[in-house]
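This report concerns only the one structure given below.
The values are calculated or read from the model by the stated rules, or taken from the named source; none is laboratory data. Values in this document were obtained by computation on a predicted structure and should not be read as measured data. Quick reminder, even Gly has a Cβ in these numbers, built from the backbone with ideal geometry, and neighbours come from all protein chains shown. All accessible areas refer to the heavy atoms of the entire protein, side chains included, with ligands and DNA or RNA removed. Shrake-Rupley method; radii C 1.70, N 1.55, O 1.52, S 1.80 Å.
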Amino acid sequence: MTDSITITDNRTGESLEIPLHNGGVDAAEWRKLLPGIWFHDPGLATTSGAESAITELDGDNGILRYRGYPIEQLAEHSSFLEVTYLLLKGELPTKAELDGFVHDVTYHTFVHEKFRRRMYDAYHYDAHPMGLLMSGVSGLSTFYPDSKDIGDADKRMENAIRLIAKMPTLAASAFRHRRGQPFVYPDNELGYAPNFLKMMFEIGSPYEVDPAFEKAMEILLILHADHEQNCSTTAARVVGSSHTDPYTAIGAACGALYGPRHGGANEAVLQMLDDIGTYDNVEPFIEGVKAGKERLMGFGHRVYKNYDPRARIIKQAAYDVFAVTGTNPLLDIALKLEEVALEDEYFVSRRLYPNVDFYSGLIYESMGFPRDMFTVLFAIGRTPGWLAHWDEMLAQNSRIARPRQLYIGASERPYVPIGER
Ligand code: SDX
């Protein structure tokens, strides 16, 4: 048996044998037999748009690996900047390499003062922080025109480091704008996560970072760092394939992440738990989901047809934070929802399990983050993944993304003057 498939065009009786390569069938091959025929896949659920060496998912077995390293081991032993180095460069760094990388990120955390102050001032006080973040990320492209030199690998890495460094500053500034509080400048004496927490929460007196919060932040950032060809990473690749600069491509990725079906789900989960309100309302809510009236936010996944391994790790990290903050009152409702759903045929038959967003918001809220900051936190974590994919796509000299369509509209017809319509 050869590792290939044969397809036959029954209109002509012609057949073509096509080798299977890296788990896929090359479109350039079947196109020889079927010119002008397109494989229709509107949600891209069964289509590969890239060959990637960054992240491997096994949805049936709930496996997630960054550059071959299991997420469970990285969450337990690594740091967010070490994982960022791994995603961008493909290998775990030596101590000297990591120290150099951390230094480079640390010394790029500042955002142009005029830009940061005047951009945010242009927005209402209650502007959603994701709207501010998207503007901030895309606007950075105007400060670094050399970032358009996307053919230079060193320039790509330099701007990737710049953006990774500035995301916490932009994010914390959006939060401070919302609260009407003065901006807090980055503190280069602090690590990535503690510096972010300080920029977020320091007010009036020095902010002491609780070690449990720092550890939880590191774990959450690591767990969100990449997830192969998800919606927002696909947006980064598609927009980046036009050879625009990285800030514009990642600004587009932020836009994709904003949606409640994707990164906006963590905020939607807390709203759902609030709407359910009490333990006794869980069963009626689940009936509403099964009747198609509601969606169980934080459940389901295009790839995972098993428990999302990140959800399991986050659930444990939540208890470590709650040991400091006290349990989030919505946790009991979330646990009951999970218990009921995992035993109900509707969810079991559709292989719907908790995903990364189901428990993350409970931790964020207990740490003091307002709900409209949850997707911003997701974006900070996902930025290294977006940039690693953007860089990989360019290093592979990929073609501009331009899918085909199945036209179902009107055939040719003559223009009708308005008086005759
Ligand atoms: C993220 O792609 C990634 O990797 C994303 C992500 C990452 O790290 O980048 O993992 C992050 O986006 C996680 C997902 C966060 N979103 C949510 O929690 C929102 C709720 N989930 C759903 O909207 C849904 O599950 C999706 C969007 C996540 C996946 O949608 P799919 O793959 O298109 O699945 P589907 O809508 O075709 O659902 C299949 C069936 C349908 O029922 P039937 O039409 O067959 O009867 O399952 C049902 C759906 O109605 N279903 C749900 C459900 N999710 C799917 N029913 C109730 N509640 C849900 N949450």
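In whole percent, and with a 1.4 Å probe on the protein chains, what portion of the accessible area of the range 4-58 is carbon and sulfur?
52
With unit charges on the beta carbons (Lys and Arg positive, Asp and Glu negative) and the dipole taken about the Cα centre of the chain, which residue among Ile408, Gly23, Trp38 sits farthest to the positive side?
Sorting the options by dipole projection puts first Ile408.
Using each residue's phi in the range 351-356, evaluate 6.51 cos²θ - 1.76 cosθ + 1.60 at θ = phi - 60° and report the 3J(HN,Hα) Karplus result to the nearest Hz, with x for Gly and Pro.
Result, rounded to whole Hz: 6, 9, 10, x, 10, 4.
Calculate, in nm to one decimal, what Thr94 and Asp9 gain on full extension: separation in residues at 0.36 nm each, minus their alpha carbon distance.
25.2 nm
Express in whole angstrom the spacing between the alpha-carbon centres of the range 85-146 and the range 1-52.
Result: 41 Å between the Cα centres.
Positive end of the charge dipole of the chain (Lys, Arg +1 and Asp, Glu -1 on Cβ, about the Cα centre): tell me which of Met119, Pro384, Ile286 has its Cα farthest that way.
Of Met119, Pro384, Ile286, it is Met119.
Treating the beta-carbon of each Lys and Arg as +1 and of each Asp and Glu as -1, no other charges, what is the dipole magnitude of the range 4-58 about its Cα centre, to the nearest 20 debye? Don't skip to the end; give the middle numbers.
Details: 3 positive and 9 negative charges, 54 e Å.
Dipole magnitude for the range 4-58 comes out near 260 debye.
Enter the angle in degrees (range 0 to 90, nearest 10) between the Cα long axis of helix 80-89 and the first principal axis of the Cα atoms of the chain, meaning the one along which they spread out most.
30
Keeping to pairs on different chains or 8 or more places apart, tell me how many lysine pairs in the chain have Cα atoms under 22 Å apart.
The result is 18.
For a quick check of your reading of the filter: which trypsin sites (Lys or Arg not before Pro) in the range 24-120 sit in a DSSP loop and have no more than 10 other Cβ atoms within 10 Å?
none
How about the range 222-293: which trypsin sites (Lys or Arg not before Pro) there lie in a loop by DSSP and see at most 11 other Cβ atoms within 10 Å?
Numbers: sites: Arg237, Arg261, Lys290, Lys293; in loops: Arg261, Lys293.
Here the trypsin sites (Lys or Arg not before Pro) that fit, given the DSSP loop and packing criteria, are Lys293.
Send over a whole-number figure in Å² for the accessible area per residue of the range 4-58, probe 1.4 Å. Kindly include the intermediate steps, with their values, before the conclusion.
Values: 3910 Å² over 55 residues.
I get 71 Å² per residue for this part.
Which order do the peptides 148-160, 127-139 take when ranked by the mean count of other beta-carbon atoms within 10 Å per residue, highest first?
127-139, 148-160
Using the Cα centre as the reference, give the magnitude of the dipole from point charges on the C-beta atoms of the chain (Lys, Arg: +1; Asp, Glu: -1; all else neutral), rounded to the nearest 20 debye.
1340
Just to be sure I understand: with springs between alpha-carbon atoms less than 10 Å apart, which residue in Pro35, Pro168, Pro19 has the highest mean-square fluctuation in the Gaussian network model of the chain?
Pro35
With an 8 Å cut-off on Cα pairs and a minimum separation of 6 or more residues, tell me the relative contact order of the range 4-58 in percent. Can you show the working numbers first?
Values: 36 pairs, mean separation 12.4, N = 55.
22 percent.
Quick check: the angle from helix 374-395's long axis to the longest principal axis of the chain, C-alpha only, nearest 10 degrees?
50
Based on alpha-carbon centroids, what's the gap between the range 345-406 and the range 177-239 in Å, whole number please?
16
Kindly express, to the nearest 10 degrees and within the range 0 to 90, the angle between helix 153-179's C-alpha long axis and the longest C-alpha principal axis of the chain.
Helix 153-179 sits roughly 60 degrees off the main axis of the chain.
Considering Cα pairs under 8 angstrom that are at least six residues apart, work out the relative contact order of the chain and quote it in whole percent.
21 percent.
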